[in-house]
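Working notes, beginning with the structure itself.
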Amino acid sequence: MTMLRERSTTTDAGAMPREFHWTAKAFYQAAGLGVFKEPNQLELIYGRIIRKMPQSPVHTAVRRRVARRLREMVSPSLCVCEENPIHIAFDGEPVPDVVMLRGPESDYDERHPMPEDVRLIVEVAVSSVASDTGDKAMLYAQAGIADYWVVLPAARQIVVHRDPTPQGYASVTTLGARETVSPLAASDVTLAVADLLGQAPTP
């Protein structure tokens with residue numbers, strides 16, 4: 001993901017100076033007034049408006065596969081959503097690739113999920129490894145998200161972040177394609193890392 005540059009027009013997300021610190025409330029007010037082009041392609045991270053990178057076919061395929069496998073295996077008391085905004089902080093409104101939430105989807109018809117609703121966040125990192133393992137990992141840890149996975153299709157790995165603290169995740173474990181992973185909120189569910197990654201690219 002890339003920081004938006006300052007622009008002279010008020011129709012693009014970079015209309016405000018780079019150092020302007022956005023709150024989620026101000027962000028949605030501006031979006032409602034039509035200030036941004038393609039507001040659905042934007043995230044708010046530590047008060048900065050970030051444009052999401054276009055998704056490659058690999059990114060899209062892995063995201064869909066992870067979401068599908070979780071939906072197939074977790075309890076009906078949990079719902080799995082793709083690209084759903086999370087109100088993580090007063091100045092943070094990320095849009096994770098996959099999020100597992102408590103309760104039915106209808107619980108979120110009129111509000112965005114809060115940190116206490118989140119049971120698992122999954123980001124697929126094809127061109128956003130630095131952001132997903134850096135600012136986003138810190139944001140999620142500070143919000144108390146107990147289970148955060150970064151899927152690395154190129155490396156054929158999943159990096160599992162747990163034990164959140166204000167300084168970041170105390171536990172970070174890298175799992176290879178021959179290993180398995182289980183969500184903290186559904187410990188009876190075992191997922192093969194290779195199955196989530198899909199077929200390895202042809203050399």
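The values are calculated or read from the model by the stated rules, or taken from the named source; none is laboratory data. Every value quoted in this text rests on a predicted model; they were computed, and no experiment measured them. Here the Cβ is made from the backbone with ideal geometry for all residues, glycine too, and neighbour counts use every protein chain on show.
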- Item | Which listed residue, of Lys52, Lys37, Lys25, is exposed (fewer than 14 other Cβ atoms within 10 Å of the Cβ) and at negative phi | Lys25
- Okay, strands (runs of 3 or more DSSP E) sitting entirely in the stretch 17-86 with 3 or more residues that are more than 22 Å from Gln142 (Cβ to Cβ), I get 78-82
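Yes/no matrix, rows are residues, columns are (1) touching a residue at least 40 places away in the same chain (Cβ under 8 Å); (2) closer than 20 Å to Met100 by Cα:
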{"position": "Ala125", "(1), (2)": "no, yes"}
{"position": "Arg156", "(1), (2)": "yes, no"}
{"position": "Ala192", "(1), (2)": "no, yes"}
{"position": "Leu197", "(1), (2)": "yes, yes"}
- Query: Of the conditions (1) free of Cβ contacts under 8 Å to residues at least 24 places away in the same chain; (2) buried (at least 18 other Cβ atoms within 10 Å of the Cβ), Glu83 fails just one. Which one is it?
  - Reply: (2)
- Message: Considering only residues that are without any contact (Cβ under 8 Å) to a residue 60 or more places away in the chain, under 13 Å from Val122 (Cβ atoms) and crowded, with 19+ Cβ neighbours inside 10 Å, which ones fall in the stretch 56-80?
- Response: Ala67, Val80
- Query: Looking only at the stretch 112-134, which residues are part of a loop (DSSP other than H, G, I, E, B) and under 19 Å from Val66 (Cβ atoms)?
  - Reply: Pro113, Ala125, Val126, Ser127, Ser128
- Exactly one of Arg162, Arg156, Arg102 is within 22 Å of Thr60 (Cα to Cα), basic (Lys, Arg) and more than 14 Å from the chain's Cα centre (by Cα), and that residue is Arg156
- Item | In the stretch 105-132, residue surrounded by the most Cβ atoms within 10 Å (Cβ to Cβ) [restricted to those that are under 23 Å from Ala61 (Cβ atoms) and β-branched (Val, Ile, Thr)] | Val124
- Message: Residue under question is Ala155, and the condition is that it be surrounded by 12 or more Cβ atoms within 10 Å (Cβ to Cβ), in contact with a Phe, Trp or Tyr (Cβ under 7 Å, 6 or more places away or on another chain), outside any strand (DSSP E or B) and not hydroxyl-bearing (Ser, Thr, Tyr); does it hold?
- Response: no
- Determine whether the stretch 135-148 contains at least one residue that is within 13 Å of the chain's Cα centre (by Cα), of a type outside the set (Lys, Arg) and part of a strand (DSSP E or B). yes
- Task: Confirm whether Asp147 is at pLDDT 95 or above, buried (at least 19 other Cβ atoms within 10 Å of the Cβ) and among the acidic types (Asp, Glu).
- Result: yes
